[in-house]
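The values are calculated or read from the model by the stated rules, or taken from the named source; none is laboratory data. Model, not experiment: these values are computed from the prediction. FYI the Cβ positions are ideal-geometry reconstructions off the backbone, even for glycines, and counts take in every protein chain you see. Each accessible area value is taken on the protein alone, full model and side chains, heavy atoms only, with ligands, DNA and RNA left out. Shrake-Rupley method; radii C 1.70, N 1.55, O 1.52, S 1.80 Å.
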Amino acid sequence: MPQTLHPNSPVYGLGFQAAYADHCFGLDTDVFEKLGDNASSAIAVTDASGGVLRIATGATSAADNDGCYLATKGEVIKMDRSFVLKSKFRYSEAGANVASAVAIGCMNNAAVGAILAANGGGPAGNFCGAMIYKVDGETTWKCVSSAGSTQYVDDTGITAASSEMADFEIQFEVLPGGAYGRFVFLIDGHVCTKATSNLNEPITHEVPLSGATEMNVLCGGQTGSAAEEVFYLDAIAFGVTT
């Protein structure tokens, strides 16, 4: 399985105009902020080798659909040039299939309740961005890309919740002519394939770029029951090519 569908992709072929990487020895509050709707939601360094952030939806008066996300303070990327988003992420659900999670993603106007809808409703129906995510009531990672109301969703068939960290990556490149862009999704270094395909068909999404706007980089999740969910982030990185 190739590391990328496009070995000469500008995602990796050019120098970075802007790049950021954090191995989560601490929370860089100049770059990131917490998006949470329960007063006891919290993001903090936990005891773990290599530095890990604990993203918790909140245990005090925990309610269904409580959310907590780590997001960039500003909308720092846009689909006008190639970029890559990466994370090392895991979680174990409080109950059977009762969490929604975003391992890595980008979205304009990111806010709790807008990133993933309540009760397993999935991503918003109209936004600019892309995510590798899992929803309440389901068990596998899905990939979504969205250019306004033009959206593409594919199931990877890869089980989501785990006690082991996994590597997640979203690549984006502007296609020749500048009218469209392409998203490629990777988990543990392998290009994601469609669970519905018998031919190992890779998940790639080509989206129109008219109306593209700036986006936050984010990860985290929300509850699917009245119990706290905790997500662990070992590393997060993003870069934009020149």
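Extension gain for L175 to A44 (0.36 nm times residue separation, less C-alpha to C-alpha distance): 43.3 nm. Per residue, the accessible area of the chain comes to 41 Å², computed with a 1.4 Å probe over protein heavy atoms only.
Checking (i) 18.6; (ii) 19.6; (iii) 17.7 against Kirkwood radius over Cα pairs in Å calculated from these atoms, the matching label is (iii).
With R₀ fixed at 35 Å, the C-beta to C-beta distance from A226 to D188 puts the FRET efficiency at about 0.60. Applying the Karplus relation 6.51 cos²θ - 1.76 cosθ + 1.60 with θ = phi - 60° to segment 131-147 yields 3J(HN,Hα) values of 8, 10, 9, 9, 10, 3, x, 10, 10, 10, 6, 10, 10, 10, 10, 8, 10 Hz, where x marks Gly and Pro.
For segment 165-177, 3J(HN,Hα) computed residue by residue from phi via the Karplus equation (6.51, -1.76, 1.60; θ = phi - 60°) reads 5, 10, 9, 10, 8, 10, 9, 9, 9, 7, 7, x, x Hz, glycine and proline entered as x. Based on the Stokes-Einstein relation at 25 °C and a viscosity of 0.890 mPa s, and on the Kirkwood radius from alpha carbon pairs, segment 200-240 is assigned a translational diffusion coefficient of 166 µm²/s. Pairs of Lys residues in the chain are counted when their Cα atoms are under 24 angstrom apart and they lie 8 or more places apart or on different chains; the count is 22.
For segment 112-242, with all protein chains in place and a probe radius of 1.4 Å, 46% of the accessible heavy-atom surface sits on carbon or sulfur. Full extension of the segment from A19 to D80, taken as 0.36 nm per residue of separation minus the current Cα-Cα distance, would add 20.4 nm.
What the pair-distance distribution of segment 168-211 shows, using all Cα-Cα distances binned every 10 Å from zero, is 28, 43, 26, 3 percent.
Were the residues from A96 through N200 laid out at 0.36 nm apart, the gain over their Cα-Cα distance would be 34.6 nm. With contributions of -39500 (n - 2.57) from each DSSP H run of at least four residues, the per-residue ellipticity at 222 nm computed over the chain stands at 0 deg cm²/dmol. Computed over protein heavy atoms with a 1.4 Å probe, the carbon and sulfur contribution to the accessible area of segment 18-96 reaches 47%.
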